[in-house]
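Accompanying notes for the structure given below.
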Amino acid sequence: SQGRLNAILQDQTQLLQNQRNTKAIEYQTLSAQYTNKLNTIKDTLDISEREKKAQQDEINNKMQQL
């Protein structure tokens, strides 16, 4: 009957919407984790670069004093 088909279609539609919403939440979570990891790597590299520059500046100063 048409009513039964409509009910099945509505159930399937709801299931697909739930799956879509779940995937959207998973995507947002993974995207945030990815961004956080990239920022952590960037911060680590920036700190390392500053440390290397400070070491090089110290070496340059010592060389100038000689």
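In whole percent, how big is the carbon plus sulfur part of the accessible area of the chain, probe 1.4 Å, protein atoms only?
Using a 1.4 Å probe with all protein chains present, the chain comes out at 56 percent carbon and sulfur.
Suppose all protein chains stay in the model; what accessible area per residue would a 1.4 Å probe give for the chain, in Å²?
97
The chain: percent of C-alpha pairs farther apart than 20 Å?
For the chain, the fraction of Cα-Cα distances above 20 Å is 65 percent.
Tell me the mean residue ellipticity at 222 nm calculated for the chain from its helices only (DSSP H runs of n ≥ 4, each -39500 (n - 2.57), averaged over every residue, nearest 500).
Taken over the chain, the calculation gives -37000 deg cm²/dmol.
Cross-link candidates for Lys62: which aspartates and glutamates have Cα within less than 19 Å, leaving aside residues fewer than 8 places away along the same chain?
List returned: Glu51.
I'd like the orientation of helix 2-65 relative to the chain: the angle between its Cα long axis and the longest Cα principal axis, in ° from 0 to 90, rounded to 10.
Between the helix axis and the principal axis of the chain, the angle is about 0 degrees.
The values are calculated or read from the model by the stated rules, or taken from the named source; none is laboratory data. Everything quoted here is computed from the prediction, not taken from an experiment. In case anyone asks, the SASA skips ligands and DNA or RNA and just uses the protein heavy atoms, side chains included. Shrake-Rupley method; radii C 1.70, N 1.55, O 1.52, S 1.80 Å.
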